[in-house]
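K.L.:
Below you will find the structure I want to go over with you.
Values in this text are rule-based calculations from the coordinates and carry no lab data. All figures in this text were calculated on a predicted structure; none of them were measured in a lab. A quick note on method: Cβ atoms are made from the backbone with ideal geometry, for glycine too, and the neighbour counts reach across all protein chains shown.
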Amino acid sequence: MSRLIFSDSPRSALLYAVSDLNPSSVHIVTDTTVARIVLPQLDLPWSAITAIPAGEEFKDLASLQQVWTALIEAGVSRRSVIINIGGGMVTDLGGFAAATFKRGVRFINFPTTLLSAVDAAVGGKTGINFGGLKNEIGAFAPAEAVVISATPFATLPVEQLLSGYAEMMKHALLSGPTQMAELLQFDPVTGSRDTLLQLLERSIAVKERIVAADPTEQGMRKSLNLGHTAGHAIEALAINRGNPLPHGYAVAAGLGIELVLSHLLKGFPSESLRRYIQWLRTAGYPRTSYTCRDYKQLVSLMRHDKKNTCSAEINFTLLSSPGTICIDCTVGEEEINAALDIYRDMME
């Protein structure tokens, strides 16, 4: 498990986390936007920096090779430490680069977006997109430490705040009705950053408890895939069309679709489903990004999901109520199409 460091002074926290590891050298992996905006504010003492292009479409093999090449040229060894500073794309790709370079180099994550703080930076999953599929190549490799601060969130655009909050809502649904109600009542855009950080700590605690019990996704960790079988398909469809959709927006839609499936197949309460859809509509999430003509492709993309035991089946995590989790639910194409229809109608 990674050491979680919550701090109002991210620079001091990063210096402390690095000194505790006593590395032979330090190499920073980031993206071009974070390098321009965030790194000057941190004023870190290390000059070895690799900045890959910003954007989910660059979480690919070419960017991974760019990082590997930079690590070779910088003389990074297994006694070095890599610091991944950025959103989920950076922590996913940088973590995978560290996990595979010289069979494993220690790394620290400093997420600069709400989404990466609650999702990609914690939990030990790393990877890249490949063949038009989300996170198709990767490895389980926990960071030595994750430094989490609300400081970078102050300048995040609304889109990125809502994207991260969708992952927090997933954790709330897994936790139970109390945490779900708490998040439904808070506005991540206008609400206090201190309150947001408190909600974030509780959200990450849900994920940490699940990951600690099942670090390599053999059982209950599959619950963290709630919303992601449908969400990853929607995200992949958008990427394939050259019009990428923020990960959290795709997850928000995926949660809606899978809560519909949960209602149809597991008796998830209709009132909880309606409250979630109403929250999506009023919080500013986009309406559906697909039409009925996309159903066949979406189902095909779902068949590539890593949770499936064979290509003929599509596996979901569903809920019978908030906090009551049903993993390994095989769902047929007819039920999926029905859920896609119902979700579209509810979001109109």
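K.L.:
May I ask which of Lys59/Lys134; Lys59/Lys125; Lys59/Lys207; Lys134/Lys222; Lys170/Lys207 have a Cα-Cα span longer than 18 Å here?
P.N.:
Beyond 18 Å between Cα atoms: Lys59/Lys207.
K.L.:
A further question follows. Quote the FRET efficiency, to the nearest 0.05, computed for Ser192 versus Glu313 with a Förster distance R0 of 56 Å and r equal to the Cβ-Cβ distance. Could the numbers behind the result be given before it?
P.N.:
Numbers: r = 45 Å, r/R0 = 0.80.
The computed FRET efficiency comes out at 0.80.
K.L.:
Still on this model: Of all beta bridges DSSP finds with both residues in the chain, what is the antiparallel percent, to the nearest 5?
P.N.:
If we restrict to bridges inside the chain, about 35 percent are antiparallel.
K.L.:
Right, another one. From the P(r) of the stretch 145-267, could you give the percentage of C-alpha pairs in the tail past 16 Å?
P.N.:
Working: 4947 of 7503 pairs.
Every Cα pair in the stretch 145-267 considered, those over 16 Å come to 66 percent.
K.L.:
How far is helix 333-347 tilted off the main Cα axis of the chain, in degrees rounded to 10, range 0 to 90?
P.N.:
In the chain, helix 333-347 runs at an angle near 90 degrees to the longest axis.
K.L.:
By how many nm would the segment from Arg209 to Ala139 lengthen if fully extended, with 0.36 nm per residue of separation less the alpha-carbon distance? Don't skip to the end; give the middle numbers.
P.N.:
On the way: separation 70, 0.36 × 70 = 25.20 nm, distance 2.00 nm.
Length gained between Arg209 and Ala139: 23.2 nm.
K.L.:
Measuring from label point to label point, each 7 Å out along Cα→Cβ, what is the Val158 to Arg287 span in nm?
P.N.:
1.7
K.L.:
Another one. How high is the relative contact order of the stretch 4-119, in percent, counting Cα pairs under 8 Å that sit 6 or more residues apart? It would help to have the intermediate numbers written out before the result.
P.N.:
Working: 171 pairs, mean separation 31.3, N = 116.
Taking the mean separation of contacting Cα pairs over the length of the stretch 4-119, I get 27 percent.
K.L.:
Something else now. Starting with the highest mean, order 113-119, 71-77, 172-178 by the number of other Cβ atoms within 10 Å, averaged over the residues of each peptide.
P.N.:
Values: 113-119: 29.0, 71-77: 15.3, 172-178: 19.3.
Going by the mean number of other Cβ atoms within 10 Å, highest first, we get 113-119, 172-178, 71-77.
K.L.:
Continuing with this model, one more query. Please report the base-10 log of the normalised intensity I(q)/I(0) for the stretch 7-160, using a Debye sum with one equal scatterer per alpha carbon and no solvent, at each q in 0.14 (1/Å).
P.N.:
-0.59
K.L.:
With θ set to phi - 60° and the Karplus curve 6.51 cos²θ - 1.76 cosθ + 1.60, what are the ³J(HN,Hα) couplings of the stretch 143-159 in order, to the nearest whole Hz, using x for Gly and Pro?
P.N.:
5, 5, 8, 10, 9, 10, 9, 7, 3, x, 6, 4, 9, 6, x, 3, 4
K.L.:
State, in angstrom, two size descriptors of the stretch 205-287 derived from its alpha carbons: Rg to one decimal place and Dmax to the nearest whole number.
P.N.:
Over the stretch 205-287's Cα set, Rg and Dmax evaluate to 14.3, 38 Å.
K.L.:
Shifting gears a bit: Extending each Cα 7 Å along its Cβ direction at Leu264 and Leu15, get the distance between those two points in nm, one decimal.
P.N.:
Placing both labels 7 Å beyond Cα along the Cβ direction yields 5.7 nm.
K.L.:
Which aspartates and glutamates have a Cα less than 19 Å from the Cα of Lys102, not counting those fewer than 8 places away in the same chain?
P.N.:
Here the aspartates and glutamates satisfying the reach criterion relative to Lys102 are Glu73, Asp92, Glu144.
K.L.:
Let me ask you something else. Full-extension gain between Leu4 and Gln218, please, as 0.36 nm times their residue separation minus the C-alpha to C-alpha distance. Write out the running numbers ahead of the final one.
P.N.:
Values: separation 214, 0.36 × 214 = 77.04 nm, distance 2.35 nm.
Taking Leu4 through Gln218 to full extension adds about 74.7 nm, to one decimal.
K.L.:
Under a 5 Å amide H to amide H cut-off, with H placed in plane at 1.01 Å, what residues pair with Phe130 once short-range neighbours are removed?
P.N.:
Asn135, Glu136, Ile137
K.L.:
Under the Kirkwood approximation applied to all pairs of distinct alpha-carbon atoms, what is the hydrodynamic radius of the chain in Å? Mind dumping the intermediate values first?
P.N.:
Numbers: mean 1/r = 0.0492 Å⁻¹.
Over the chain, the inverse of the mean reciprocal pair distance is 20.3 Å.
K.L.:
Which whole-number percentage describes the relative contact order of the chain, with Cα contacts under 8 Å and a sequence gap of 6 or more?
P.N.:
Numbers: 627 pairs, mean separation 50.1, N = 348.
The normalised contact order for the chain reaches 14 percent.
K.L.:
Sticking with this one: Taking 1 over the mean of 1/r across every pair of different Cα atoms in the stretch 259-345, what Kirkwood radius in Å do you get? Spell out each step's value before the answer.
P.N.:
Numbers: mean 1/r = 0.0719 Å⁻¹.
Hydrodynamic radius (Kirkwood, Cα only) of the stretch 259-345 equals 13.9 Å.
K.L.:
Another question, then. Run the numbers on the stretch 86-128 and let me know its relative contact order in percent, using alpha-carbon pairs under 8 Å that are six or more apart.
P.N.:
On the way: 55 pairs, mean separation 23.6, N = 43.
With pairs under 8 Å counted, the relative contact order is 55 percent.
K.L.:
Once phi is turned into θ = phi - 60°, what whole-Hz ³J(HN,Hα) does the Karplus curve with 6.51, -1.76 and 1.60 give for every residue of the stretch 283-292, x standing for Gly and Pro?
P.N.:
Karplus values, whole Hz, x for Gly and Pro: 6, x, 6, x, 6, 5, 9, 10, 10, 4.
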